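Colleague: What follows is a single structure, and I will ask about it in a moment.
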Amino acid sequence: MHPAMARPRARIAAPVAVALALFAVSGALLVLRDDAAPAAQAERGRIRITLDDFRLRPQRVQASAGRLTFDLRNAGRLGHGFRLRRNNRLWVKVSSLKPGERRIVTRRLEPGNYRMFDAVSNYEVLGMYGTLSVR
C-alpha cells in the first residue's frame, strides 16, 4: 500500500478507537452506579417494582421475612413478566404485563436471597434483574 493511503485510515481509526473507549467506560460507570446504590426497603411488607424496558427498579430490595406484597407496574413500551426465584424454586410468576398494566401479588417468603427477573425473551440478560434479600 502506498504510504499516502495509510494516513487517512489512521486519521479515521484513532477517533473511532477513542469513541469506543469512552463508550465502554460510560457503560462500566452505569453498572457501577446501579450496584453502588443502597438497597430499597420494603415498606410495611409492600415492595413496589417498576418494570421498564430493560431495567427493573429498584434492582436491590431488602425486606423482613413473612407476608410480602409485590406491587408490579410496567412503565415500558414492551410487554414484561416478573419472576422471583430462590434455589431453583419460583416463588412468584407473573407471565405478562402489558404496557401501563399493574398487578399485585402477595406471597409468604422465608429468609434468603431471591433473584428477581423478567423471563421474556432475553430481557434478563439485557438488564431486567435484581436481588431481594429477605431477613
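Colleague: Suppose we keep only residues that are of a type in the set (K, R) and assigned to a strand (DSSP E or B) within the range 86-103. Which one would you say is surrounded by the fewest Cβ atoms within 10 Å (Cβ to Cβ)?
Modeller: Restricting to residues being of a type in the set (K, R) and assigned to a strand (DSSP E or B), the top hit is R89.
Colleague: Against the condition among the hydroxyl-bearing types (S, T, Y) and more than 14 Å from S133 (Cα to Cα), how does S64 come out, does it pass?
Modeller: No; evaluated as a whole, the condition is false for this residue.
Colleague: Sticking with this one: When you scan the range 70-80, how many residues do you find that are surrounded by fewer than 20 Cβ atoms within 10 Å (Cβ to Cβ) and touching a Lys or Arg at 6+ places or on another chain (Cβ under 8 Å)?
Modeller: Matching residues across the range 70-80 total 3.
To keep it simple, each residue is scored yes or no on (1) more than 12 Å from A42 (Cβ to Cβ); (2) more than 16 Å from the chain's Cα centre (by Cα).
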residue	(1), (2)
R83	yes, no
K93	yes, yes
I104	yes, yes
E124	yes, no
S133	no, no
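Colleague: Go through the range 104-116 and give me each residue that's surrounded by 11 or more Cβ atoms within 10 Å (Cβ to Cβ), closer than 13 Å to T69 by Cα and not β-branched (V, I, T).
Modeller: Residues satisfying the conditions are R107, L109.
Colleague: Being within 18 Å of A39 (Cβ to Cβ) and not in a strand (DSSP E or B) is the filter; apply it to the range 106-135 and report the residue that is modelled with the lowest pLDDT.
Modeller: Only one residue fits best here, namely G127.
Colleague: Out of R11, R83, R67, which single residue is assigned to a strand (DSSP E or B) and either at pLDDT below 95 or surrounded by 12 or more Cβ atoms within 10 Å (Cβ to Cβ) (or both)?
Modeller: Of the residues listed, the single one that is assigned to a strand (DSSP E or B) and either at pLDDT below 95 or surrounded by 12 or more Cβ atoms within 10 Å (Cβ to Cβ) (or both) is R83.
The values are calculated or read from the model by the stated rules, or taken from the named source; none is laboratory data. What you see is a predicted model; the values in this text were computed from it and never measured. Glycine also receives a Cβ, built like all others from the backbone with ideal geometry; neighbour counts cover every protein chain displayed.
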